[in-house]
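What follows is a single structure, written as structure tokens, with notes after it.
Laboratory data are not the source of any read-out in this text; all were calculated from the coordinates shown. Keep in mind that what you see is a predicted model, and the values were worked out from it rather than measured. As a convention, Cβ positions derive from the backbone with ideal geometry for all residues, glycine included, and neighbour counts pool all protein chains shown.
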Amino acid sequence: MTTIDLSTQEYDPYYKRYIDKLSSRLDLRAGFEIGRENIIVFFQSIPINKYNYQYDNDKWTVKEILQHLIDTERVFIYRCFRIARRDKTPLAGFDQDIYIKPSGAKNKELDELLEEYTTCRQNSVSVLASISDQNLQFIGNANGGNMSARAAAFTIIGHEIWHMDIIKERYL
């Protein structure tokens, strides 16, 4: 199952910016494995003095961005799982900004965050391995719009790339 299989009817237009970051031939399950390695290498390559850097007062630090990626993956893999299990209950959105402060990301070491990320990613890989391609195509409702299980999963990968690009442009 690759991104070329996705239809724009499977996700809200807001998520297009993340989906567009992906190669049209990216295999979903392989993308999670590749993404894990890319994230770990990328964040380990960032100089220590940049971990708590903010390019503006109301922007997150590099460590908070990594925490945001973890939190977002948890939310979206849950959406993927529920939708793939044919749950038609509308799934609520989440306010990403209120998640950061109570996460304590600024006080965590990078190694702690990367361990949390790795554990979260392993869970996502396990969830995806348990879902058939047919069930990944099921469309539910998340945050008030259509979303297929596979679109929720692909969004996770594209979202990571989106934020790595932002870090490269504005933090490094």
With Cβ to Cβ distances under 13 Å as the rule, what net charge do the other residues near residue 138 carry (K, R +1; D, E -1)? +3
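Under the 0.36 nm per residue contour assumption, what length would be gained going from the current alpha-carbon distance of residue 95 and residue 5 to full extension?
29.5 nm
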For the pair residue 56 and residue 141, what calculated FRET efficiency results from E = 1/(1 + (r/R0)^6), where r is the Cβ-Cβ distance and R0 = 35 Å, to the nearest 0.05? 0.50
Straight-distance crosslink candidates among lysines, where the alpha carbon sits under 18 Å from residue 101 and sequence neighbours closer than 8 are dropped: 59, 63
What pairs in 88/168; 108/168; 16/50 have C-alpha atoms more than 27 Å from each other? 88/168; 16/50
Quote the convex hull volume per residue of the stretch 73-158, based on C-alpha atoms, as a whole number of Å³. 95
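Over the stretch 3-170, what is the mean sequence separation of C-alpha contacts under 8 Å (at least six apart), divided by residue count, expressed as relative contact order in percent?
The value is 40 percent.
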How large is ³J(HN,Hα), in whole Hz, for each residue of the stretch 111-127 in order, when computed from phi with the Karplus curve 6.51 cos²θ - 1.76 cosθ + 1.60 and θ = phi - 60°, using x for Gly and Pro? 4, 5, 5, 5, 5, 4, 4, 4, 5, 4, 5, 4, 4, 4, 4, 5, 4
Between residue 91 and residues 5 or more places away or on another chain, the pairs with built amide H atoms under 5 Å apart involve 141, 142, 143, 144
Which value, in debye to the nearest 20, describes the size of the charge dipole of the stretch 1-149 about its Cα centre when Lys and Arg Cβ atoms bear +1, Asp and Glu Cβ atoms bear -1, and nothing else is charged? 240
Kirkwood Rh over Cα pairs of the chain into Stokes-Einstein at 20 °C, 1.002 mPa s: D in µm²/s? 131
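Rank these for me by crowding, 165, 58, going from fewest to most other beta carbons within 10 Å.
58, 165
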Hey, what's the per residue convex hull volume over the C-alpha atoms of the stretch 1-102, in cubic angstrom? 138
